[in-house]
Structure formats: C-alpha cells, structure tokens
Amino acid sequence: MIGDFTMRGRGLAIRSSGPLGRLGWLVALLSIGFGPTVAAEELSGKAIYQQLIDNRLRSSYAEQRFTSTDPGGDVQELHFWSRFKDYRVEGGPGPSGIVSKTMMKFTYPKDKRDSGYLFTERHRQENDGYYYSPRRERVARVDTSRETIFATDFTLEDIAMVRVIDDATYERLPDERVEDVPVYVVEVKYLPESRPQYSKSLLYIDQEFPVPLHIKNWDLRGLRVNELELPRARVEVHEGAWVPMEVRMTDVREKTQSVLYVDKLEANPDLHDRLFEANRLSRKRP
C-alpha cells in the first residue's frame, strides 16, 4: 500500500501511497499546504482552519490500536479496524445534514473482540452513536460526546468528528513554536448550535503542512480537560492528504494518557453506504 519513497527532513517522515508516486510528496506540499498566494502574516484564523478541513481523505479503511496508561503505570492495549466516509459537499454537510460516518470493530483483547461502534455525525443535529456488545448480542444507542472508548481517554467524537467551517468562530493568535518548528496558533470557539463536546480549542498548526501538532481543549464549563500531541515525525502523505499516524491524548485532570496508532491505512476506498448500517456491527469481518 505504501510506496518505498521516504523523505526525512526537519524530523518529518513523508511517505507516498497510491498514485502519488515518487514526487507525490512535492505535489501534495504545493497543492495542499499553505500556498504562496497569501502571505503567512495575512492568513486569518478562519483561513488557516479551512486548510485543515480541505486536507482530508474522502474515505478510509484503517487498522489501528490504542495504548492507555493509568496514573499507576498500568498499560492497556486495544486493537481495532475502522472505516470512515466523508459526506461533506462544498464545505457544508451532505444529504440529510450528514457530515461523516465511522464504524469501529475491535479485534483484541479477547474480552473486547467483535464489539464495535457506529458513529454518524450530523450538522447541528444530535449525532447518532451505537455500540454493539457480542456478550449481550444487541446494539444500543450511546451518547457520542460522553462515550469513552473502553478505558481510553478518547471519546467517539474525539475520534470521528470532522465538522464544517461554520461550526465555530476563529481567532488567530501570535505564532509560536512546537517541536522547534513555527506554528500558527488558532483559537476555536464552538457555537452552541453546533452541539459541541468542547467550548473551545487552541490549535498549534504546522506552517509547512495543515496538521495541528498540539491541541488543547476546554469543556463546556470552561475547564481545560485534555491535550493532544501529533508527533511531526509521524505525519505521512496518503492520496494527497497529510495524515497523522500517531495521536497522544492526555487527560490533564486524571493524569492518564492514551495513544492512538494507525498501523495500516487504505486511502479513499470505494465504500458503499450499506457498510455503515447498524446491523453491520454484529458482523465479524470488515
């Protein structure tokens, strides 16, 4: 799936997949990154965030895993596969207000095997979330903003939400440095009508390619609850999109940490809508 071309520079690993070929990383940098048509100092917070939205896969199949560490140092590992489909059209939601759909099925450990989640993101409507338990042999609805994925620090919305540009307001703050590289800093304040999980976020976005290297989130009461780190060396190019292959989530109150790894990624597969039906959750195969 992943080509043999790898470039390492300033701590960044860039790999090509599919038709990108040996020069794909350069094409992606010129067409997706923060282009030269607008001077960096002139970019607004909204324009920078729009670059994040534009940097996307239309669909994906991935094999992933979580590792979670509690305050005592105990580590738990979860393996799963996921499929994702983006329904957004011209910057807005797709038919019936659907923004995206994600299905996750767990394969390890044994007591979690064959359990799964289905998430449908809806624009300014209540999101749909379902959980399948093989032990109970039934599918149940869940609150997607509160449903933590087993003992990890991630909720369903942390994993699956992609949003649209009019869900929030954006303010550009003074530039900073993360991992010794310059980053844009954008404060995102989510509109109540977007039914947000968080009240606001601070995003520290790499100035070479549209991926946040650090994110801070505040809950609806205005308390900072977690931080995410996306290591620069673990960002790869797949089908013209910059994809973080590792995400570290830290709960700042509980002092716990979870890491999400992408071990295998198939970019932009043809996924029929039937693959995201709730009755698929009880099936064992992808």
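For this structure, a couple of remarks:
Residues are listed down the side, and each one gets a yes or a no for (1) surrounded by fewer than 17 Cβ atoms within 10 Å (Cβ to Cβ); (2) at pLDDT 95 or above; (3) not charged (D, E, K, R):
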{"residue": "R124", "(1), (2), (3)": "yes, no, no"}
{"residue": "Y130", "(1), (2), (3)": "no, no, yes"}
{"residue": "S133", "(1), (2), (3)": "yes, no, yes"}
{"residue": "T144", "(1), (2), (3)": "no, no, yes"}
{"residue": "T148", "(1), (2), (3)": "yes, no, yes"}
{"residue": "D153", "(1), (2), (3)": "no, no, no"}
{"residue": "L156", "(1), (2), (3)": "no, no, yes"}
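- Applying a threshold of 7 Å to beta carbon distances and a minimum spacing of six or more residues, or different chains, the list of pairs starting in the stretch 259-286 at a residue that is at positive phi and touching a residue at least 60 places away in the same chain (Cβ under 8 Å) and ending at one that is surrounded by 13 or more Cβ atoms within 10 Å (Cβ to Cβ) and not hydroxyl-bearing (S, T, Y) reads N268/L57; N268/R58; N268/E239.
- Given (1) buried (at least 17 other Cβ atoms within 10 Å of the Cβ); (2) of a type outside the set (K, R); (3) modelled with pLDDT under 95, index of the condition S201 fails: (3)
- Remark: pairs (first residue in the stretch 76-97, in contact (Cβ under 8 Å) with a residue 40 or more places away in the chain; second residue surrounded by fewer than 16 Cβ atoms within 10 Å (Cβ to Cβ) and of a type in the set (S, T, Y); Cβ separation under 7 Å; 6+ apart in sequence or on different chains) = L78/Y108.
- The strands (runs of 3 or more DSSP E) found entirely in the stretch 168-241 that carry 1 or more residues being small (G, A, S) are 168-178, 200-206.
- Residues of the stretch 159-181 that are of a type in the set (D, E, K, R) and surrounded by 17 or more Cβ atoms within 10 Å (Cβ to Cβ): R163, D167, R172, E179.
The values are calculated or read from the model by the stated rules, or taken from the named source; none is laboratory data. Note that the coordinates shown come from a computational prediction; the quantities given were computed from them, not determined experimentally. Heads up, the Cβs are rebuilt from the backbone with ideal geometry, glycines too, and the neighbour counts pull from every protein chain shown.
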